[in-house]
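The values are calculated or read from the model by the stated rules, or taken from the named source; none is laboratory data. Keep in mind that this is a model prediction, so the values were computed, not measured. As a convention, Cβ positions derive from the backbone with ideal geometry for all residues, glycine included, and neighbour counts pool all protein chains shown. The area values use the complete protein model at the heavy-atom level, side chains included, leaving out ligands, DNA and RNA. Shrake-Rupley method; radii C 1.70, N 1.55, O 1.52, S 1.80 Å.
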Amino acid sequence: MGIKRFRIIKFKNRKPILSLKNIIKSYGKRPVLKGLSFDVFPAQIRGLLGPNGSGKTTIFQIIMGIIKPNKGEVRINNELVNKLPIHVRAVNHKIGYVPQVGGYLINLSVRDNIEAFAEIHFKDSRERNERVQTIISEFNLDPISSLKAANISGGEKRRLSIGIAMISKPRLILLDEPFSALDPQTIEMIKNLILQLQKLNIACIVSDHQAASILEISDSTLILGNGTIIADDTPKRLLADARARAIYFGEHFSSPF
């Protein structure tokens, strides 16, 4: 794949698909997010970087409704969704979530997993069966469709979890550490999958510790530090940002460009 050849930098006449405004979240007396705000636009790939404990997974869980912020607004297509439960956000607002671990049922086969999740979104059996077959085909899962999810490789599990997130035809997908514990070839495959999602006009927020991989595919990336956004820009500009280098990248980070 190499490095992404284009970046969506400006979004003229577009409204954000997702807006977080002044999000504050603490666990007990420990503040995690301190008034965080950012937007995601249709078809945009948004990178999310930061050290362990900086709040990346917390952001995903707040967007999905798994946890609630102490203060702040979560808006999807300009609708306030703070009080909406997970399944309403996922189904009605078309959000897919690929967690760090899992996202599938380990004791079911690959096909049975996809069929089980498809039943949540499609009541018509014909439409459901068509969607199941489309996911199996598009994510190249047919050769492993009869195997239990517990017995497939790490890259295959990631393909399965992304495929499951795609069942509802989402407009926004959250990917939490999709490159974690994968070999370089499989990371390239997942990067290609994410770029294919963008071509389908799906927005993505991608968080990972593989900073170079995030910078290679993102249109813009924000860096978290101490509960706030310390930098938010295009990948090349981020690497030229003195504060981003001092707090996150370090002086010896090798640019992928």
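Tabulated data for the structure shown
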read-out	value
Potential extension, ASP124-HIS87 segment - 0.36 nm per residue separation minus Cα distance	11.4 nm
Directionally averaged shadow of the chain, computed from the convex hull of its alpha-carbon atoms, nm²	14.2
In order through region 34-50: 3J(HN,Hα) via Karplus (6.51 cos²θ - 1.76 cosθ + 1.60), integer Hz, x for Gly, Pro	10, x, 7, 9, 6, 10, 10, 9, x, 6, 7, 9, 9, x, 9, 10, x
Set LYS56/LYS157; LYS34/LYS191; LYS25/LYS157; LYS29/LYS68 screened for pairs whose C-alpha atoms are more than 27 Å apart	LYS34/LYS191; LYS25/LYS157
Rh (Kirkwood; distinct C-alpha pairs) - region 203-257, Å	11.4
Pair-distance profile P(r), taking every C-alpha pair of region 106-154, with 5 angstrom steps and integer %	5, 23, 30, 23, 14, 4, 1
FRET efficiency, 1/(1 + (r/R0)^6) with R0 45 Å, evaluated for LYS68 and ALA240 via beta carbons	0.75
Proportion of all alpha-carbon pairs of region 1-144 beyond 17 Å (%)	70
Hull-based mean projected area of region 71-112, where the convex hull spans the alpha carbons, in square nanometres	4.4
Convex hull (Cα only) mean projected area of region 153-257, reported in nm² to one decimal	7.1
GLU188/ASN22 FRET efficiency (R0 35 Å; Cβ-Cβ; nearest 0.05)	0.40
Within region 162-255, GluC sites (Glu not before Pro) in DSSP loop having at most 15 other beta-carbon neighbours inside 10 Å	GLU251
Length-normalised contact order for region 206-253 - Cα pairs under 8 Å, 6+ apart - percent	24
Inter-label distance for SER254 and ASN78, nm, one decimal - labels placed 7 Å from Cα along Cα-to-Cβ	4.7
Average accessible area per residue (Å²) across the chain - probe 1.4 Å, nucleic acids and ligands excluded	48
Hits among lysines - C-alpha to C-alpha of LYS123 under 20 Å, sequence gap 8 or more where chains match	LYS94, LYS169
Cα centroid of region 174-243 to Cα centroid of region 47-71, whole Å	15
Neighbour-limited loop hits for trypsin sites (Lys or Arg not before Pro), region 55-154 (at most 15 other Cβ within 10 Å; DSSP other than H, G, I, E, B)	LYS83, LYS123
Stokes-Einstein translational diffusion, region 69-168 - Kirkwood Rh over all Cα pairs, 1.567 mPa s, 4 °C, in µm²/s	89
